[in-house]
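Undergrad: Shown below is the structure under consideration.
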Amino acid sequence: MNEPECLDRAAGIRYVSEQMIVPNDCAERIDGLADRRRRMIMRRRFLVFLLPTAVLFGSGLPAAAQTRTLPSILDIRDRVEVVNSITMKRLETILPRVMDETGFDMWIIVCNEDNLDPVFTTMIPYDVWCPITQILVLSKKPGAPPERLNVSRTDMKGLHQNVWDHRAWDASKTESQWDCLKRIVAERNPRRIVVNQSAVIWAADGLTVTLRKKLEETVGPAYSGRLHSGERLAVLWLETMLEEELELYERVAAVAHALLAEIFSSQTVTPGATTLDDLLYSYIQRVSDVGLELFAWPWVRIRGRSPEDIEKYGPDDRIIRRGDLIQCDTGIKYLRYYSDHCEWAYVLRPDETDVPEGIRKVMAEGNRLQDIFCGAFKEGLTGNMILADILDVAQKEGICKPKIYSHSIGRFLHEPGPLIGLPWEQKDTGERGEVRLVPNSTFTAELSVTCPVPEWNGRELILALEQLVAFTSKGAYFMDGRQTRFHLVK
């Protein structure tokens, strides 16, 4: 692709194939498996994990025409292998690059048990307990890989080198944890030290006032004067994805899509009997049953009902009925990645085989706005610039009442990359909107169109859509496709 553009479900086959058909698949990138048999098991499980998405993409049909099979979900032991391997590779490849790019030669991360620094949580093993005070020191000399030093009681499983002998301290009170930190800093004599404090990016603001004071007292005035906000470094570290991570993230999106398709079906919904709460708790229970967790409490709502049915059943009716449009906004957390999707279902009336044409046209309008959204993604632009470009094209094309409120996503739900609009702000979202777009970063295309529906006597439908988008050097594309047709409940 010469210009960034969206790849829908059918076009996405080509892109995913380019990424996936390579000599080294995900399983072959997982290091440290005990023996050949273990490697074969892992490879087989990954192939099972990947296969359902290939099946889903195979026909190139619109989303609602597909039979969504839930991809195989890794057991906890294999999740540990995957996450720890990915974390190690990130520390070995992304960390040195972003430290060089930002010009910092030391990064000190300090936090306490039960109040862990957000960045810290992305640098530690999956299978870890972090007792009491946690200190990581990442020190880099020009041309050399960073030292990754653990000054705590935590077993970092080889991701960071243990440099504090806490057992000697426990036994004879030799060198304390803070004395160890003081020595490490003095020995390396860093010019610019970064700490996680930011007035803009929440995920880069993990250092508490109390621990900042303790850190300054420990390193002394000579080094406390060299402390700087690590906002830019933290943003680059958090938003940049490995190629392997984009592949894994695609699978996370496939799982999320399949779980949504399950609840938007006749197996879950009985028109005239199933309530919104029934549907909500069915989804929540299903996510729990397959061993995953939600990032937040989902929203399940009736967002479209004919004027006649509103008059018949009342405006507060929570029973799902024929002719209803149901919206679910939800997301899961899996392999340390968040999903965030908003999809729609239509409950067919007895004489219907598809959604009324006027409502289908609103979905098509929303899909076109998604195309415009992805086409505006260009490296180096800020979120506010991207927002302006999207709305400019949408308005020129006559998209009906477009609204953009999209955000970065990955290891956190709404951070740390550029913010692209807010529901109440369609021009300038402030400093979060001034963060710049970098390759191999991920977002939600969260947006809406508001269009009149002829079948509802011209009453407007606000159609809010949300799908995961990845941006690479090849452009922006939907991870595991997007919804182009309503799920149908018969």
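Undergrad: Using a 7 Å offset from Cα along Cα-Cβ at ASP317, what residues in the stretch 255-290 end up with backbone N under 18 Å from the label point?
TA: Of the residues in the stretch 255-290, 269-279 have backbone N under 18 Å from the label point off ASP317.
Undergrad: Along the charge dipole of the chain, which of VAL438, LEU136, TYR337 sits closest to the positive end, that is, farthest toward it, with unit charges on the beta carbon of Lys, Arg, Asp and Glu (+1, +1, -1, -1)?
TA: Among VAL438, LEU136, TYR337, the one farthest towards the positive end of the dipole of the chain is LEU136.
Undergrad: Can I ask one more? Would you mind putting 322-331, 203-212, 76-85, 217-226 in packing order, based on average other-beta-carbon counts within 10 Å, highest first?
TA: Details: 322-331: 20.6, 203-212: 18.5, 76-85: 17.0, 217-226: 14.5.
Descending mean neighbour count gives 322-331, 203-212, 76-85, 217-226.
Undergrad: Whole Å is fine, so just give me how far the alpha carbon centre of the stretch 204-271 lies from that of the stretch 159-201.
TA: So the two Cα centres are separated by 23 Å.
Undergrad: For the stretch 241-488, just say rounded, prolate or oblate: build the C-alpha gyration tensor, square-root its eigenvalues into a ≥ b ≥ c, call rounded for a/c under 1.5, and beyond that prolate if a/b exceeds b/c, oblate if not. Provide the component values of the computation, followed by the final result.
TA: Details: a/c = 2.15, a/b = 1.34, b/c = 1.60.
Note, shape of the stretch 241-488 comes out oblate.
Undergrad: I've got another one for you. Taking the Cα atoms only, what angle lies between the long axis of helix 209-224 and the longest principal axis of the chain, rounded to 10 degrees?
TA: 40 degrees
Undergrad: If one computes the Cα centroid of the stretch 101-129 and of the stretch 303-340, what distance in Å separates the two points?
TA: Answer, in whole Å: 39.
Undergrad: Normalising by the residue count of the stretch 241-488, find the relative contact order in percent from Cα pairs under 8 Å and 6+ residues apart.
TA: Values: 486 pairs, mean separation 50.7, N = 248.
Here the relative contact order equals 20 percent.
Undergrad: Grab the beta carbon distance between ARG459 and ASN115, set R0 = 60 Å, and tell me the FRET efficiency rounded to 0.05. All intermediate terms of the calculation are to be shown ahead of the outcome.
TA: Details: r = 49 Å, r/R0 = 0.81.
The value I calculate is 0.80.
Undergrad: Please compute the contact order of the stretch 378-490 in relative form: average sequence separation of alpha-carbon pairs under 8 Å and at least six residues apart, divided by the residue count, as a percent. Walk me through the intermediate numbers first.
TA: Numbers: 208 pairs, mean separation 27.0, N = 113.
With pairs under 8 Å counted, the relative contact order is 24 percent.
Undergrad: Treating only the Cβ atoms of Lys and Arg (+1) and Asp and Glu (-1) as charged, compute the dipole magnitude of the chain about its Cα centre; round to the nearest 20 debye.
TA: Details: 61 positive and 70 negative charges, 212 e Å.
Computed charge dipole of the chain: roughly 1020 debye.
Undergrad: Same structure, new question: Based only on other Cβ atoms within 10 Å, what is the fewest-to-most ordering of TRP202, TRP164, TRP456, TRP424? Let's see the in-between values first.
TA: Details: TRP202 14, TRP164 22, TRP456 19, TRP424 8.
In increasing order of surrounding Cβ atoms, one gets TRP424, TRP202, TRP456, TRP164.
Undergrad: Can I ask one more? Roughly what angle does helix 243-263 make with the longest principal axis of the chain, taking Cα atoms, 0 to 90 degrees, to the nearest 10?
TA: Result, in degrees: 40.
Undergrad: If you put +1 on each Lys and Arg Cβ and -1 on each Asp and Glu Cβ, how big is the dipole of the stretch 101-164 around its Cα centre, in Debye rounded to 20?
TA: Values: 5 positive and 8 negative charges, 47 e Å.
It works out to roughly 220 debye.
Undergrad: Take TRP202 and ASP354, extend 7 Å from each Cα along the Cα→Cβ direction, and tell me the distance between the two endpoints in nm.
TA: With each label placed 7 Å out from Cα toward Cβ, I get 4.2 nm.
Undergrad: Any of LYS312/LYS361; LYS214/LYS378; LYS182/LYS333; LYS89/LYS182; LYS427/LYS490; LYS214/LYS427 with alpha carbons more than 31 Å apart? Name them for me.
TA: Values: LYS312/LYS361 26 Å; LYS214/LYS378 42 Å; LYS182/LYS333 37 Å; LYS89/LYS182 28 Å; LYS427/LYS490 42 Å; LYS214/LYS427 41 Å.
Violating the 31 Å Cα-Cα cut-off are LYS214/LYS378; LYS182/LYS333; LYS427/LYS490; LYS214/LYS427.
Undergrad: If you don't mind, another one. Farthest toward the dipole's positive end in the chain, which of TRP237, THR274, TRP297, given Cβ charges of +1 (Lys, Arg) and -1 (Asp, Glu) about the Cα centre?
TA: With unit charges placed on the Cβ atoms, the residue in question is TRP237.
Undergrad: For ASP389, ASP289, what ranking results if the residue with the fewest other Cβ atoms within 10 Å of its Cβ goes first?
TA: On the way: ASP389 17, ASP289 8.
Listing ASP389, ASP289 from fewest to most nearby Cβ atoms yields ASP289, ASP389.
Undergrad: Under the definition of Cα pairs under 8 Å and six or more residues apart, what whole-number percent is the relative contact order of the stretch 319-425?
TA: 23 percent
Undergrad: Once mean projected area of the Cα convex hull in nm² is worked out from the coordinates, which option in (i) 25.6; (ii) 28.0; (iii) 31.7 does it equal?
TA: (i)
Readers should treat all values here as calculations from the given coordinates under stated rules, not as data from a laboratory. All values derive from a computational prediction rather than experimental measurement. Cβ atoms come from the backbone with ideal geometry, glycine included; neighbour counts cover every protein chain shown.
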